[in-house]
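Worksheet for the structure shown next.
Each value in this text was obtained by applying a stated rule to the coordinates, not by laboratory testing. Quick caveat: nothing in here was measured; it's all calculated off a predicted structure.
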Amino acid sequence: MKTIFLLSSVVLLAGCATPKTWHKDKVSTYNANNTLAKCRYDVGMAKIHRNEREGMIWDCMMAKGYRYY
């Protein structure tokens, strides 16, 4: 019984291990991370309230043609 529980737990957790990242056709992960850093910098310089920062970063990346999956 313990073996079945352990095996099912491992399988369940392995499915959650795939991280979500920003993607755009024909753009490397390196360039996507640079674009994300630029959006974070721009939002930080705009002195946006902390509660609104993530939404503004999300909007910045979407406006540049990136999708999060």
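Pull out the extension gain between TYR68 and ARG40, defined as 0.36 nm times the separation in residues minus the alpha carbon to alpha carbon distance; nm, one decimal. Don't skip to the answer; put the middle values down first.
Details: separation 28, 0.36 × 28 = 10.08 nm, distance 1.54 nm.
Separation in residues times 0.36 nm, less the Cα-Cα distance, equals 8.5 nm.
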Inset, instruction - Would you list, by chain and number, the lysines whose Cα falls below 24 Å from the Cα of LYS64, excluding same-chain residues fewer than 8 positions away? - result: LYS20, LYS24, LYS26, LYS38, LYS47
Inset, instruction - Could you go through region 33-49 in sequence order and give the Karplus-derived ³J(HN,Hα) for each residue, using 6.51 cos²θ - 1.76 cosθ + 1.60 with θ = phi - 60°, rounded to whole Hz, and x for Gly and Pro? - result: 5, 5, 5, 4, 4, 5, 4, 4, 5, 4, 5, x, 6, 7, 6, 6, 4
